[in-house]
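Enquirer: Have a look at this one before I ask anything.
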Amino acid sequence: MNLEEWQQLFREDPEQAELRLSALREDPEHLHALAQALLQDSDPGLRAWACRILVETREAEGLPLLLRALEDPEPEVRAAAAWALGIQPVVEQRDSVIAALQRRLEDQPWVAWVAAEALARYGEAALAALMDRLHHPHPQVRILAARALARIASPQSIPALMAALEDPSLLVRHFAEAGLDRLVGTQWAWL
């Protein structure tokens with residue numbers, strides 16, 4: 001299929017597009033070239049598809065493309081890039097990826113939520129970035145950071161989660177308590 005045929009397929013029949021992409025897993029060079037071309041398209045939906053395609057390539061060459069897509073002007077593309085970076089947490093340039101995802105916690109709510117989910121998939125490697133965000137002035141950022149820390153459930157986060165029990169946001173306190181419950185196995189009383 002040529003680029004125009006792929007573009008039409010992505011727009012008109014996403015299910016068939018998924019099937020065709022799955023069939024191309026054994027040809028990562030073709031997938032990478034397709035993703036590169038779609039990232040240049042003016043249609044944000046197609047740029048988001050490029051992020052989905054890069055998940056299939058599982059190659060280091062796709063990482064710079066996803067990091068660039070994480071800065072796209074369209075939230076749909078930024079969310080797709082964050083999702084792709086969380087599907088298979090990368091080892092190469094892990095600190096750069098975590099820092100880029102951390103910045104997305106300040107994005108529009110649904111983009112920030114996807115970025116927080118991706119950060120949680122990085123586990124303990126993302127702890128410092130998430131604990132740092134527990135001190136952010138915006139409650140959305142603190143909520144997402146507390147939720148991701150609760151999902152990671154690392155003993156290293158106990159002091160930060162304990163401090164978050166004093167946060168003015170009810171949801172930050174809730175997720176801090178949930179994280180502590182997972183770690184310690186007891187019920188915490190909100191003070």
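Quick note: the coordinates plus some simple rules give every number you see, no bench work behind them. Owing to the predicted nature of the structure, the values given are computational and were not obtained by experimental measurement. Don't worry about glycine lacking a Cβ; one is built from the backbone with ideal geometry, like all the others, and counts go over all protein chains shown.
Enquirer: Based on Cβ point charges of +1 for Lys and Arg and -1 for Asp and Glu, what charge dipole magnitude is obtained for the chain about its Cα centre, in debye rounded to the nearest 20?
Expert: 860
Enquirer: Let me ask something else. Please state the Cα pair-distance histogram of the chain with 5 angstrom bins from zero: what percent is in each bin?
Expert: It works out to 1, 9, 17, 17, 16, 12, 10, 7, 6, 3, 1, 0, 0, in whole percents.
Enquirer: Collect residues whose amide H, placed 1.01 Å from N in the peptide plane, falls under 5 Å from the amide H of residue 107; neighbours closer than 5 in sequence don't count.
Expert: Under 5 Å from the amide H of residue 107 lie the amide H atoms of 112, each far enough along the sequence or on another chain.
Enquirer: Still on this structure, I have one more. Please list 160-171, 136-147 highest first by mean number of surrounding beta-carbon atoms within 10 Å per residue.
Expert: Per-residue mean Cβ counts within 10 Å order the peptides as 136-147, 160-171.
Enquirer: What do the square roots of 5 times the Cα gyration tensor eigenvalues come to for the range 1-88, in whole Å, largest first, as semi-axes of the equivalent ellipsoid?
Expert: Three semi-axes, in Å: 18, 15, 11.
Enquirer: Enumerate the calculated ³J(HN,Hα) couplings along the range 4-13 in order (Karplus 6.51 cos²θ - 1.76 cosθ + 1.60, θ = phi - 60°), each rounded to whole Hz, writing x wherever the residue is Gly or Pro.
Expert: Each residue's phi maps through the Karplus curve to give 5, 5, 5, 4, 5, 4, 4, 6, 9, 8 Hz.
Enquirer: For helix 94-104, report the angle its Cα long axis makes with the longest principal axis of the Cα atoms of the chain; keep it between 0 and 90° and round to the nearest 10°.
Expert: 80
Enquirer: Before anything else, pin down the relative contact order of the range 1-88: Cα pairs under 8 Å, at least 6 apart, normalised by residue count, whole percent.
Expert: So the answer I get is 24 percent.
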